[in-house]
1. Suppose all protein chains stay in the model; what accessible area per residue would a 1.4 Å probe give for the range 63-212, in Å²?
2. If packing is taken as the mean number of other Cβ atoms within 10 Å per residue, what is the order of 169-177, 186-194, 226-234, highest first?
3. In whole percent, and with a 1.4 Å probe on the protein chains, what portion of the accessible area of the range 122-258 is carbon and sulfur?
4. Semi-axes, largest first, in whole Å: what does sqrt of 5 times each Cα gyration tensor eigenvalue give for the range 22-137?
5. Compare Leu246, Leu146 by solvent-accessible area with a 1.4 Å probe and give them largest first, with all protein chains kept in place.
6. Heavy atoms of the protein only, probe of 1.4 Å, neighbouring chains included. What is the accessible area of Val167 in Å², nearest 10?
7. With contacts defined as alpha carbon pairs under 8 Å and 6 or more residues apart, what's the relative contact order of the range 16-73 in percent?
8. So, with +1 on the Cβ of K and R and -1 on the Cβ of D and E, and no other charges, what is the size of the charge dipole of the range 172-258 about its Cα centre, to the nearest 20 debye?
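The values are calculated or read from the model by the stated rules, or taken from the named source; none is laboratory data. These numbers come from a predicted model, not from an experiment. Neighbour counts run over all protein chains shown; Cβ positions are idealised from the backbone, glycine included. Surface areas here come from the heavy atoms of the whole protein model, side chains and all, with no ligands, DNA or RNA. Shrake-Rupley method; radii C 1.70, N 1.55, O 1.52, S 1.80 Å.
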Amino acid sequence: MKKKLIACCAVCVLLGARAAERISLEGEYAGHLQDVWMTSNTIWWAHTECLVKTDRAGRIIRRAEVGGHHAGLEVKDGRLYTAVCAFNGEPRGATTPACHVMVGEYDAETLDRIEMHVLDINDRAGSFCFLEDGTFLVGCLRHPSLKPSEVKFHHVGKDWKLIKTHVVDVGQPVKLGIEVIRRYGNDLYLFIYGCPVIRLDARTFERTGRLKSAGGQTGFAKEGDSVWVGTTSRPKDAKTYRSGLLRIPWTKFVPCDI
């Protein structure tokens, strides 16, 4: 998925970066930042063709070249899971209608590949989120069959089989599709380019609201009364991206009308 991003500048202007804290990811990358996962002392970054594990200052502990297109990720029980576009059973750099949804499973400590789970779902995977019961969601780029205002995600069981596909109308045209999904308690948040953040009930998948702020499409992590928002940019004529995280108050993401 090739995108020219100026997310860093956009988020800074929108949210007031002068009062925020930053974490700069060490190194440069061929693809843009897709998603992050954070604990008290570690950050994992999905960078399209590369998985990176760093300390909280963004210094690299492990870096693994994994091929594209690795996108949304989550760390659970010592494993790192990431949504991947697959073609003929392997990661595919360019996302096309021929792609299948694949979930990459890696050792969260070493970033060694454990298994690639190719699902019987013909779609372009872009985001990943575990639910409370251990089943999970894979959000996708907008399929040509959908309306311009619709996005789609798949609910998948512990046996890697599709439970149900869900389509959400966000009420306005969207770009690309669902880039990041996050669950906090019984709330699901869908981060979509060109659209406010959409909130769903994590049990029924019914739409319950939206958030005033945009942002979070290249990584989002809530931490106490703050959130970390992913930023990624490539200078004009450059071939590599530099990325980081911007810390802002959670109150910047207050809910508004449905």
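1. On the way: 6260 Å² over 150 residues.
Computed with neighbouring chains in place, this is 42 Å² per residue.
2. 226-234, 186-194, 169-177
3. Here carbon and sulfur together make up 50 percent of the probe-accessible area.
4. 23, 16, 12
5. Leu146, Leu246
6. Rounded to the nearest 10, the figure is 80 Å².
7. After rounding, I find 31 percent.
8. 300 debye
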